[in-house]
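Below is one structure, written out as C-alpha cells; the observations come after it.
The values are calculated or read from the model by the stated rules, or taken from the named source; none is laboratory data. What you see is a predicted model; the values in this text were computed from it and never measured. In this analysis, Cβ positions are derived from the backbone assuming ideal geometry, glycine residues included, and neighbour counts consider all displayed protein chains.
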DNA sequence: CTAATTGCAAATTGTTTGCATATTC
DNA sequence: GAATATGCAAACAATTTGCAATTAG
C-alpha cells in the first residue's frame, strides 16, 4: 500500500493538504477529469482553486506520479500503477481497468520492444448490455 | 480510390470547396490537428474560418467520414479507413499507421467481442533511434 | 528563514453559437 | 427557391500566467 506523503517526498515535492487531497481523490476515484477532481474536493476545500489543481496535475505528471488517459476528448488522470489497459463503455461512459492476457501482452512487446502500449477497448459494459430496460 | 465528393453526397452533405479541401488535406496529411488543418488550408483559402473547420469536423465525425484520435491531449483527425492502430514517436511526435499482426487482432477480438479497439504504441521511431546526431 | 506552494485575477487559448450573406442542389 | 453552408464577431469554456500572501521543511 502506497503512502501518499512518502510518494510526494520521494519525488521531491512538498506535502501539502491540497496535494494529498488530489492524490487521495484520484486513488479513490480511479480515473477522474480535472472538473471531477475539483467537484469532489470542493466540499472539503472551498478555497481550493482550479489553478492549483492544474499546477499540481502538471507536476504530478512530470514526476511520474500520475498518468493521463486520452479518452477521446475527455482527459482523465489516474495514479500510476502496474501496467494495464482500459475499457470504456460507449453507453454509460464508465472506464474500467482491464488486463490483457499475457499472450497478447507478450506479442505486443515482441512486436514493439522498448515501447509503451496504450490499449483502449470501446464497447458496451456488461451492466449496460444486460439491463432489460434500456437506460437511455 | 474514394472520391471525396461522392463520399459527401452519400452521407447527405453538400459538396463545398471548403469541405473538399478539408478532406483532401486530411487525406494527404494522414493525421492532423485542427490547427494543422487550418494552417495548411490558409494558403489556398485565406477566407476560411476556424469556425467552418470546427463545424465541418463535427459533421464529418457524426457521419462517420472521419475519426478522432486521442493522442494524449492533441486531438488529431483522419479519414476513416480500414481498421488500424497508431505508433507515436515520443521524440519527434510523428504518428504512423501500423497494423497489428492477425494473431493479436484475433486475440483481442476473441477477448472483447463486439467492441472496437484502439491501440496506441508509444516509442522511438526508427529514424529518431537511428540518427547519430541527436535531433534535439 | 528559504524555497516552494497556494489562490486570486487577469491573460491567453480553444471551442461554440448566432446570424446575415452566399452557395449548393 | 429552399435548405444548407460559410464566415464574421461575440460568447463561452478551458488552461496558463504573474504575483502577493502563505506554508512546509
Completion exercise
The residue from A:26, A:20 that alone is within 13 Å of DNA strand D (Cβ to nearest atom), more than 14 Å from every other protein chain (Cβ to nearest Cβ), in contact with a helix residue (DSSP H, G or I) (Cβ under 8 Å, 6 or more places away or on another chain) and free of Cβ contacts under 8 Å to residues at least 60 places away in the same chain is A:20
Practice task
Would you confirm whether any residue within region B:45-53 is under 27 Å from residue B:123 (Cβ atoms), at pLDDT 85 or above and either touching a strand residue (DSSP E or B) at 6+ places or on another chain (Cβ under 6 Å) or surrounded by 15 or more Cβ atoms within 10 Å (Cβ to Cβ) (or both)?
Solution key: no
Exercise for the section: Kindly indicate the residue of region B:75-116 that is farther than 18 Å from residue A:108 by Cα and within 9 Å of chain A (Cβ to nearest Cβ) and also nearest to DNA strand D (Cβ to nearest atom) among those meeting that condition. Expected result: B:75
Exercise for the section: Hey, could you check region A:4-17 for residues that are free of Cβ contacts under 8 Å to residues at least 24 places away in the same chain and more than 10 Å from DNA strand D (Cβ to nearest atom) and say which is nearest to residue A:52 (Cα to Cα)? Expected result: A:4
Fill in the blank from the handout: If we keep only residues of region A:78-87 that are under 15 Å from residue A:29 (Cα atoms) and in a strand (DSSP E or B), then the residue farthest from the chain's Cα centre (by Cα) is A:86
Practice task
Answer yes or no as to whether residue B:37 is within 16 Å of the chain's Cα centre (by Cα), buried (at least 16 other Cβ atoms within 10 Å of the Cβ) and within 9 Å of DNA strand D (Cβ to nearest atom).
Solution key: no
Handout entry: Selected residue (only one of A:20, A:3 is at pLDDT below 90 and farther than 30 Å from residue B:121 by Cβ)
Key = A:3
